[in-house]
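Peer 1: One structure is given below, represented as structure tokens, and several questions about it will come after.
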Amino acid sequence: MKDLLHTPEGVRDIYSREYAEKREIERRMESAFTRFGYEGLQTPSFEFFDIFNQERGSVASRDMFKFFDREGNTLVLRPDMTPSIARSAAKYVREEDLPAKFCYIGNTFVNNSRYQGRLKEITQAGAELIGDGSCDADAEILAMVVEALVGCGLKEFQVDVGQVEFFNGLVEAAGLSPETEEELRKRVEAKNFFSVEDFLNEQNLSEELTNAFLALPHLFGNIDILSEAEALTDHPRCRAAIRRLRDLYELCRLYGVENYISFDLGMLGKYQYYTGIIFRVFTYGSGEALGGGGRYDKLMQQFGRKAPAVGFAISIDQLMLAQSRQHLFVYAPLCREFLYYNETGRKAALAFSREMRAQNLALRLFFEPGSEETLIERAKAKKRQNPEADVFYCSGEKPERMTL
Amino acid sequence: MRYLTIALAKGRLAKQTMEMLEKIGIFCEEMKDEKTRKLIFTNEELKLRFFLAKATDVPTYVEYGAADIGFVGKDTILEEGRNLYEVLDLGFGKCRMCVCGPESAREKLQNHELIRVASKYPAIARDYFYNVKHQTVEIIKLNGSVELAPIVGLSEVIVDIVETGSTLRENGLVVLEEVCPLSARMVVNQVSMKMENERIRRLIEQMRELIRKENA
């Protein structure tokens, strides 16, 4: 039999420089969350299937990795973090401790075999703010997204913000059935301008509503689109949605992140999941959103706790892909100090290495039994491979620096 | 300014698309040279790049952002089911996706019998029979000359594109049911739409205006 060395499709090894960079990005992300006072939370890699069922998660049942425990319960590898955090918060956070602020970094698993070249295991970093339904909470989350990404060295990116209540208001005014609404939602979400038009021609809606729905897929861009949207309807729910976005923009100015904010009222997400703002993060070079989030005030309720919630998740893998395509270098220290020693140099070499560690410096040891000549040979080869590294060898009283 | 990359489905569709683009002042002379072996064509002035790809690959290039914009038939978009913005119906290449077969097969479509369906478009066929007709069928994927399948008894019916229907007629087949109308479409990568909002929107507006004028 041939040796089995490769990984299954969709998962991979991360090593050397890439590993160092990934850890560095995770560290910077976490540090941004911590500076906002968020507490880390770790949930299990697999949970009961019901935690991620249709209303709670963002991934379809057939795209989850499922297996069974000894009692026959269906378990899944978490496809998404938010429901786990919500469950955990519903269990541990006391009413008087709300609002609660959590952040996490962890791997998620989606079994999506159709898309070759797409990873099935990705690392997500994110945060959830539970128990605060205010616009200030929305703004805090957006500001944190921006600061975390800037902290990772990303320069050109956009946080594109929508507000599902605008669409919901129009649907309410039009009195659409749930099936009709779902069909329209799909077409608006796909910015399928002409099929929205076809669809509306079949409905008997007032001119005002038809025009408003028609405009919806076009309503994206900078803050000016909010005025355009306002002119389309005076339904109170829609007006409230726009007002909320304006307030949000003002708060983003106070946070100093308004340059990264854009708007898209045609962004709707999955059926009924989001209840307020919804957003996605875009940048050059990744082809898809780096991540996103929004407000889901009905989620906690499903775990027996009524509390509003807003949060987001960023895919570290997508972020790294975008950064490498944009040639943004993340400084990630790799070990650049090497020491070769043999039996006669052991005592001095180990003393030297202890000293280095005590100064918090990294040094990689290589034990090379034998003569001084082989030792020098090895050290020389290493130095040739890594000219910028510090290579030492030690076969006597003290380590010598290798020069070529 | 960054390059905007445009993927075109090889063949007639690419030619007709380029003709439309020329009418709004977007030219690519390099591309007209039939003998060229180049894969990528550029318009330096407008910072545009074009490439030709097999139709079924165009949605893939656009979904992953390797191309910002794609021009491709609705049949391919439906079959591939990618995450894209489908922003414009170009109005040419009009035809229909149909269920076809010998007249005798018409009855089998009514009785919810288990029948065999041959198609180059298994995803479209599956979606139509399962989700629209709620009929259990066996789908056989073929790669060409699908009309042959009912004649030699590989399947009862086929799901295929019908333009004039002459191939069907010559082989004693008829259109039994229409699945959906088709035409050429413009698709846009979801990130590009946001990051290059202004340029892409202007292009869409210009194309839309042109189509409106030509239809009037």
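The values are calculated or read from the model by the stated rules, or taken from the named source; none is laboratory data. Keep in mind it's a predicted model, so treat the numbers as computed, not measured. Backbone-built Cβ (ideal geometry, glycine too); neighbour counts: all protein chains shown.
Peer 1: Residue by residue through segment B:191-216, note down the ones that are under 21 Å from the mean Cα position of the chain (by Cα), surrounded by fewer than 22 Cβ atoms within 10 Å (Cβ to Cβ) and within 9 Å of chain A (Cβ to nearest Cβ).
Peer 2: Within segment B:191-216, B:ILE204, B:ARG208 qualify.
Peer 1: Residues that are surrounded by fewer than 21 Cβ atoms within 10 Å (Cβ to Cβ), in the same structural domain as A:ILE278 (by TED's automatic domain parsing) and free of Cβ contacts under 8 Å to residues at least 40 places away in the same chain: find the helices (runs of 4 or more DSSP H) completely inside segment A:139-227 holding 3 or more of those.
Peer 2: A:178-189, A:193-202, A:207-215
Peer 1: I need every pair where a residue in segment B:163-177 that is on the phi > 0 side of the Ramachandran plot has its Cβ under 8 Å from the Cβ of a residue that is surrounded by 11 or more Cβ atoms within 10 Å (Cβ to Cβ), sequence separation at least 6 or different chains.
Peer 2: Close Cβ pairs (under 8 Å, with a partner that is surrounded by 11 or more Cβ atoms within 10 Å (Cβ to Cβ)) amount to B:GLY165/B:VAL175; B:GLY172/B:PRO102; B:GLY172/B:ILE151.
Peer 1: May I pose another question? Name the one entry in A:ALA322, A:ALA307 that is more than 23 Å from A:ILE25 (Cβ to Cβ) and either of a type in the set (A, V, I, L, M, F, W, C) or free of Cβ contacts under 8 Å to residues at least 24 places away in the same chain (or both).
Peer 2: Just one listed residue meets the conditions, A:ALA307.
Peer 1: Are there any pairs, at least 6 apart or on different chains, whose C-beta atoms fall under 7 Å, with the first in segment B:12-41 and β-branched (Val, Ile, Thr) and the second in a helix (DSSP H, G or I), and if so, which?
Peer 2: If the second residue must be in a helix (DSSP H, G or I), the pairs left are B:ILE24/B:GLN206; B:ILE24/B:MET207; B:ILE24/B:LEU210; B:THR36/B:GLU30.
Peer 1: If a residue counts only when it is under 30 Å from B:ALA216 (Cα atoms) and within 14 Å of chain A (Cβ to nearest Cβ), which strands (runs of 3 or more DSSP E) contained entirely in segment B:1-116 have at least 2 such residues?
Peer 2: Of the strands (runs of 3 or more DSSP E) lying wholly inside segment B:1-116, those with at least 2 residues that are under 30 Å from B:ALA216 (Cα atoms) and within 14 Å of chain A (Cβ to nearest Cβ) span B:69-73, B:85-89.
Peer 1: Among (1) buried (at least 18 other Cβ atoms within 10 Å of the Cβ); (2) touching a residue at least 60 places away in the same chain (Cβ under 8 Å); (3) within 39 Å of the chain's Cα centre (by Cα), there is one condition A:ALA332 misses while meeting the rest; what is its number?
Peer 2: Of the numbered conditions (1) buried (at least 18 other Cβ atoms within 10 Å of the Cβ); (2) touching a residue at least 60 places away in the same chain (Cβ under 8 Å); (3) within 39 Å of the chain's Cα centre (by Cα), the odd one out for A:ALA332 is (1).
Peer 1: Scan segment A:268-283 residue by residue and report those that are in contact with a strand residue (DSSP E or B) (Cβ under 9 Å, 6 or more places away or on another chain), away from chain B (no Cβ under 14 Å) and assigned to a loop (DSSP other than H, G, I, E, B).
Peer 2: Across segment A:268-283, the qualifying residues are A:TYR273, A:TYR274, A:THR275, A:GLY276.
Peer 1: Step by step: first the residues of segment A:242-267, then only those that are under 30 Å from A:ARG187 (Cβ atoms), free of Cβ contacts under 8 Å to residues at least 60 places away in the same chain and not hydroxyl-bearing (Ser, Thr, Tyr), then the one that is nearest to the other protein chains (Cβ to nearest Cβ). Which residue is that?
Peer 2: A:ARG246
Peer 1: Taking segment A:1-34, which residues are surrounded by 12 or more Cβ atoms within 10 Å (Cβ to Cβ), among the basic types (Lys, Arg) and either within 22 Å of A:SER88 (Cβ to Cβ) or free of Cβ contacts under 8 Å to residues at least 60 places away in the same chain (or both)?
Peer 2: A:ARG27
Peer 1: How many residues does segment B:151-190 hold that are more than 18 Å from the chain's Cα centre (by Cα) and in the same structural domain as B:GLY70 (by TED's automatic domain parsing)?
Peer 2: Adding up the residues that qualify gives 1.
Peer 1: Looking only at segment A:83-101, filter to residues that are hydrophobic (A, V, I, L, M, F, W, C) and within 16 Å of A:TYR38 (Cα to Cα); which one of those is surrounded by the fewest Cβ atoms within 10 Å (Cβ to Cβ)?
Peer 2: A:LEU98
Peer 1: Moving on. Are there any pairs with C-beta distances below 7 angstrom linking a residue in segment A:89-101 that is in the same structural domain as A:GLU30 (by TED's automatic domain parsing) to a residue that is of a type in the set (Phe, Trp, Tyr) and part of a helix (DSSP H, G or I), with the two at least 6 apart or on different chains, and if so which?
Peer 2: Correct list of pairs: A:ALA90/A:PHE303.
Peer 1: Another question, then. What helices (runs of 4 or more DSSP H), lying completely within segment A:290-392, carry at least 3 residues that are of a type in the set (Val, Ile, Thr) and under 30 Å from A:VAL150 (Cβ atoms)?
Peer 2: No helices (runs of 4 or more DSSP H) qualify here.
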